[in-house]
1. Tell me which label goes with the value of Cα Rg over 2.2 N^0.38 Å computed from the coordinates here: [x] 0.98; [y] 1.13; [z] 1.02.
2. Would you mind telling me the share, in percent, of accessible area of the chain contributed by carbon and sulfur at probe 1.4 angstrom?
3. Would you mind working out the magnitude of the charge dipole of segment 1-103 relative to its Cα centre, with +1 at each Lys and Arg C-beta and -1 at each Asp and Glu C-beta, to the nearest 20 Debye?
4. Relative to the longest principal axis of the C-alpha atoms of the chain, give the angle of the C-alpha long axis of helix 8-19, reported between 0 and 90° and rounded to the nearest 10°.
5. Quick one: which residues, 5+ away or cross-chain, put their amide H under 5 Å from the amide H of Val82? H built at 1.01 Å from N.
6. Compute the acute angle (0 to 90°) between the alpha-carbon long axis of helix 64-74 and the principal axis of greatest extent of the alpha-carbon atoms of the chain; round to the nearest 10°.
7. May I ask you to derive the relative contact order of the chain, considering only C-alpha pairs under 8 Å and at least 6 residues apart, and to give it as an integer percent?
8. Would you mind putting 86-97, 59-70 in packing order, based on average other-beta-carbon counts within 10 Å, highest first?
Amino acid sequence: MSETVIDTNELGEKIVRVLKTIYDPEIPVDIYELGLIYDVFVNEEYDVKILMTLTSPNCPVAESLPQEIQEKVKSLDAVNDVEMELTFDPPWSQDLMSEEAKLELGML
């Protein structure tokens, strides 16, 4: 049997690279470094589940941002399906931002 096996960790890293190309429209930092992505799950069938938040429940991109993420991640060849889950627990705070994001925004 010559089956092409895709490492789910490798696929997870590809997904993170895609997430780093998506920017919050109000803050010039990508959504991954901003700390909006809480978790990325990939199962053996290459179904992806992304647990994310927004900077606030009233965020103007509450509809479009998860859709953009879903479309871009789904465009990866190995990805079968993408499920988005939006949560506000825990609520987003600046503590979730990476050092890189804080530096970019002059917070360090």
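The values are calculated or read from the model by the stated rules, or taken from the named source; none is laboratory data. Note that the coordinates shown come from a computational prediction; the quantities given were computed from them, not determined experimentally. Heads up, the Cβs are rebuilt from the backbone with ideal geometry, glycines too, and the neighbour counts pull from every protein chain shown. Just the protein is used for accessible areas: all its heavy atoms, side chains included, with ligands, DNA and RNA removed. Shrake-Rupley method; radii C 1.70, N 1.55, O 1.52, S 1.80 Å.
1. [y]
2. With neighbouring chains kept in place, the figure for the chain is 47 percent.
3. Its charge dipole is roughly 280 debye.
4. It works out to around 40 degrees.
5. Val48
6. Orientation of helix 64-74: about 30 degrees from the principal axis.
7. In percent, rounded to a whole number, it is 28.
8. 59-70, 86-97
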